[in-house]
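The values are calculated or read from the model by the stated rules, or taken from the named source; none is laboratory data. Please read all numbers here as calculations on a predicted model, not as lab measurements. Here Cβ is always computed from backbone atoms with ideal geometry, including for glycine, and neighbour counts include all displayed protein chains. For the accessible areas, the whole protein counts, side chains as well, though only heavy atoms, and no ligand, DNA or RNA atoms are used. Shrake-Rupley method; radii C 1.70, N 1.55, O 1.52, S 1.80 Å.
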Amino acid sequence: MAIGAGGIRPCSLAFGADQFDKPGDPKNDKTLQSFFNWYYASVGMAVMVSVIFVVAIQDMAGWVVGFAVPVGFMLLSTVLFLMGSSRYIKVEANKSLLSSFAQVIAAAWKNRHHSLPQMIRIDGIITRFKPCSSNRKTQVCIINQIKILQHIYDVCDVVNVYNLLAFPLSFLNKACVIKNPEKDLDSEGLAIDPWNLCTVKQVEELKALIKVMPIWSTGIMISVTISQHAFPVLQAETMDRSFVGKAKIPAGSLGAFAILTLTIWVAIYDRILVPRIAKFTKRPRGLSNKQRIGIGLLLSCVSTAMAGAVEHQRRAMAIKQGLADKPKGIVNMSAMWLVPQHCLTGVSEALNAIGQIEFYYSQFPKTMSSIGVALFSLGMAFGNLLGSLIVAILSRATRNDGKASWVSNNLNRGHYDYYYWLLAFLSLLNFFYYWFAVKPMEVRTTAFGMREIP
């Protein structure tokens with residue numbers, strides 16, 4: 001199951017985006033944003049169906065029938081996917097990126113003592129740049145000459161030469177140095193030894209991955225807060241879950257409010273808010289992906305702090321009612337107090353997760369689009385691991401002098417309010433880290449599609 005999910009989740013989103021991606025269309029960015037929004041919303045709706053209806057089928061008809069239902073849906077989706085195969089836009093698979101990255105690092109290391117000349121290789125085209133007298137003049141000179149090259153060769157990828165010859169991660173540029181054309185290149189202008197000479201495309205792919213890592217790392221902390229599914233369930237089990245009349249909401253179903261809020265928010269944002277926000281921001285997408293990531297991180301801090309406040313009140317009432325040693329006792333407090341934190345979590349996830357996915361997709365070439373989406377899933381995985389590590393550390397560190405730890409099995413003796421507030425504090429630190437990490441990536445785009453340092 002894990003292997004199958006690892007193949008489907010990164011590739012399905014990237015493959016779907018390829019069907020809508022039309023770089024020449026002025027509305028392309030807005031179209032892709034809508035696709036990402038509705039894709040994530042559809043995933044949320046699928047989770048709701050599985051949590052509510054599939055679980056109900058399992059309860060009524062047993063596990064065999066319960067597992068047979070998703071098997072049937074997967075079989076149906078496979079048939080539908082194959083039926084439309086001939087109509088899909090299919091981007092050719094790239095060669096192994098791991099070997100390509102290793103070649104860039106090896107070539108840059110071998111050429112570390114060589115200075116960057118005015119002659120480089122752009123995917124088979126040997127290009128010579130005129131020397132300029134100073135760094136700033138060199139920057140302008142190179143930009144002007146790249147514009148000429150783009151006009152002559154009519155190759156969009158030539159714009160990446162600016163990033164290569166410009167300044168971030170410049171030590172990798174030496175992987176493209178042609179020391180001796182007769183020894184380094186064959187008769188067709190290709191590298192004889194790819195471990196000594198790489199293309200601009202190879203270097204740019206590695207640079208793109210390195211550049212997004214600071215932003216990617218900020219997604220780990222919000223994954224920690226989103227992955228806290230078990231603790232709210234334990235809280236809800238000790239609270240009054242009456243809903244309408246004598247009907248009671250199952251403790252595990254309260255998390256559906258987060259998914260429901262996420263789905264509703266996506267619809268409201270995409271159809272109502274984006275056109276209005278675009279009038280102020282002058283962007284067709286409303287908020288930029290980096291702004292949405294930041295707002296999502298901030299809302300995550302608020303939702304976690306709110307969870308701590310609710311738990312603080314629940315614990316105080318439990319002790320007041322004499323339930324300190326009765327962890328299964330029902331506190332005279334409605335479980336509906338847990339709904340606001342779930343709703344805020346849903347909004348923060350919608351903003352941050354979709355913003356991350358769109359950001360990665362925009363930073364990588366199309367041949368790496370699935371890698372970009374996989375980074376999001378990898379961040380979620382790291383978040384789950386980090387969350388488990390934090391719980392394990394707190395369980396040991398806060399258990400002393402016979403007192404229960406913060407994360408004790410007895411919620412009334414433990415201090416889950418302190419635990420939530422600790423996560424809120426770490427999330428706030430993570431927000432400021434994001435603020436500083438995103439600053440170096442603030443770039444503007446010229447008419448030629450090149451990103452310039454402001």
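Kindly indicate the residue of segment 281-302 that is among the basic types (Lys, Arg) and assigned to a loop (DSSP other than H, G, I, E, B) and also nearest to the chain's Cα centre (by Cα) among those meeting that condition.
Among those that are among the basic types (Lys, Arg) and assigned to a loop (DSSP other than H, G, I, E, B), it is Arg285.
With aliphatic (A, V, I, L, M), surrounded by 15 or more Cβ atoms within 10 Å (Cβ to Cβ) and more than 26 Å from the chain's Cα centre (by Cα) as the only criterion, which of Ala247, Ala278, Ala251 stands out?
Exactly one residue qualifies, and that residue is Ala251.
I'd like the full set of residues that are farther than 23 Å from Ser86 by Cα and part of a helix (DSSP H, G or I), limited to segment 5-30.
Ala5, Gly6, Asn28, Asp29, Lys30
If you go through segment 317-328 one residue at a time, do you hit one that is touching a Phe, Trp or Tyr at 6+ places or on another chain (Cβ under 9 Å) and in a helix (DSSP H, G or I)?
Looking through segment 317-328, none of the residues is touching a Phe, Trp or Tyr at 6+ places or on another chain (Cβ under 9 Å) and in a helix (DSSP H, G or I).
Looking only at residues in segment 36-48 that are without any contact (Cβ under 8 Å) to a residue 60 or more places away in the chain and surrounded by 15 or more Cβ atoms within 10 Å (Cβ to Cβ), which one is farthest from Ile249 (Cα to Cα)?
Tyr39
For segment 218-242, what are the residues that are out of contact with any Gly (no Cβ under 7 Å at 6 or more places or on another chain) and free of Cβ contacts under 8 Å to residues at least 24 places away in the same chain?
Within segment 218-242, Ala230 is the sole residue that qualifies.
For a quick check of your reading: which helices (runs of 4 or more DSSP H) sit entirely within segment 177-237 and have at least 1 residues that are closer than 22 Å to Ser115 by Cβ and modelled with pLDDT under 85?
Where helices (runs of 4 or more DSSP H) fall fully within segment 177-237 and carry at least 1 residues being closer than 22 Å to Ser115 by Cβ and modelled with pLDDT under 85, they are 181-184, 200-226.
Out of all the residues in segment 224-242, is one or more in the same structural domain as Leu385 (by the TED database) and farther than 19 Å from Val310 by Cβ?
Looking through segment 224-242, none of the residues is in the same structural domain as Leu385 (by the TED database) and farther than 19 Å from Val310 by Cβ.
Taking Asp59, is it more than 30 Å from Ala208 (Cα to Cα) and either open to solvent by less than 60 Å² (accessible area, probe 1.4 Å) or in a helix (DSSP H, G or I) (or both)?
Answer is yes for this residue.
With the structure loaded, tell me whether Leu344 is part of a helix (DSSP H, G or I), of a type outside the set (Lys, Arg), surrounded by 20 or more Cβ atoms within 10 Å (Cβ to Cβ) and in contact with a helix residue (DSSP H, G or I) (Cβ under 7 Å, 6 or more places away or on another chain) or whether it fails that test.
yes
Could you check segment 327-379 and list, in sequence order, the residues that are among the charged types (D, E, K, R), modelled with pLDDT of 85 or more and over 12 Å from the mean Cα position of the chain (by Cα)?
Within segment 327-379, Lys328 is the sole residue that qualifies.
What tally of residues in segment 76-109 results from selecting those that are closer than 29 Å to Val177 by Cβ and charged (D, E, K, R)?
Total satisfying the criteria: 2.
Looking at (1) over 30 Å from Phe15 (Cβ atoms); (2) assigned to a helix (DSSP H, G or I), can you tell me which one Lys403 breaks?
All conditions are met except number (2).
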